[in-house]
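Encoded as structure tokens, the structure appears first; notes follow it.
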Amino acid sequence: MFNSISIGPVTIYMYGVMMAAGFFMALVMTLARGKRRNFDEDIIYGIFLCAMIGGMSGSRILYYIVELPKILNNPSILWNFRTGYVVYGGIIGGVVCSYVYCRFRKVSFLSYFDLVMPAVALAQGIGRIGCFFAGCCYGRETDAWYGIIFRNSAYAPGGVKLIPTQIISSAGDFLICGLLLLYAKREPEEGRVASLYLLLYGAGRFAIEFLRNDYRGSIGVLSTSQIISIGIVVLGLLMPRIVTVARK
């Protein structure tokens, strides 16, 4: 795969293009769905701005934590912003920042959380295509027919067939988006759409980690992302109960 296109002195990185496209499409989807449900458009823009700031910061911070041993040996990693973003950090940072914003605006965080999460899954699916172009988040070696060979990646080992974990993850994210949209049409109780996202994404991410072969940090036999996935799934299971108790 290729990650850059040079047009004269300008170099366009496909990873960044896909990330930007994912954010844009998520905003368009949320605005369209929010308009039909009488959500405040200004607050949606505010949430996306906060999600972008919190997401970028959180993904970078978690990357620093995971890559701390490498950073100690090569501090220049700290200011290399072309890559080095961890999805879970972005999700956590974006949610926290958006929650603070909703509290400040005195609106229901859960209702906007439900509205946004299908679009988040869409953005993640598009973003993973960027990972595919870059060759990051690559899978284990395989002899299967569906294996992908990277020849120009700065991350994936070249010349060997690898499980296309980026494409598998992307397809899974698109599927989650579709399932959340269908579930949202049933108008479930507040917080249930977001809860379903946490369950589906957490379980899917836990599973895909077994197929990946890039370094992501580890705690025992599990990767850092798998540990976080367990917490995400538990939160998804408990969230409806937490909401019910909070309303009493």
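The values are calculated or read from the model by the stated rules, or taken from the named source; none is laboratory data. Because the structure is a prediction, the values reported are computed rather than measured. With ideal geometry, Cβ positions are generated from the backbone for all residues, glycine too; neighbour counts draw on all protein chains shown.
Tell me the residue from ILE242, ILE227 that is part of a helix (DSSP H, G or I), touching a strand residue (DSSP E or B) at 6+ places or on another chain (Cβ under 8 Å) and modelled with pLDDT under 95, please.
Of ILE242, ILE227, the one residue that is part of a helix (DSSP H, G or I), touching a strand residue (DSSP E or B) at 6+ places or on another chain (Cβ under 8 Å) and modelled with pLDDT under 95 is ILE227.
Got a sec? Which of ARG36, ARG60 is within 20 Å of the chain's Cα centre (by Cα) and charged (D, E, K, R)?
Sole residue among the options that is within 20 Å of the chain's Cα centre (by Cα) and charged (D, E, K, R): ARG60.
Look at LEU235 and say whether it is buried (at least 20 other Cβ atoms within 10 Å of the Cβ) and assigned to a helix (DSSP H, G or I).
No; evaluated as a whole, the condition is false for this residue.
Which of (1) over 27 Å from MET18 (Cα atoms); (2) touching a residue at least 40 places away in the same chain (Cβ under 8 Å) does VAL193 not meet, given it meets every other one?
It fails just one condition, (1).
If LEU181 meets every condition in (1) part of a helix (DSSP H, G or I); (2) among the hydrophobic types (A, V, I, L, M, F, W, C); (3) in contact (Cβ under 8 Å) with a residue 40 or more places away in the chain; (4) touching a strand residue (DSSP E or B) at 6+ places or on another chain (Cβ under 9 Å) apart from one, which number is that one?
(4)
Can you confirm whether segment 117-127 contains a residue that is in contact (Cβ under 8 Å) with a residue 40 or more places away in the chain and either on the phi > 0 side of the Ramachandran plot or surrounded by fewer than 20 Cβ atoms within 10 Å (Cβ to Cβ) (or both)?
No, there is no match, as no residue in segment 117-127 is in contact (Cβ under 8 Å) with a residue 40 or more places away in the chain and either on the phi > 0 side of the Ramachandran plot or surrounded by fewer than 20 Cβ atoms within 10 Å (Cβ to Cβ) (or both).
Can you tell me which residue within segment 20-61, out of those that are part of a helix (DSSP H, G or I) and acidic (Asp, Glu), is surrounded by the most Cβ atoms within 10 Å (Cβ to Cβ)?
Top of the filtered list is GLU41.
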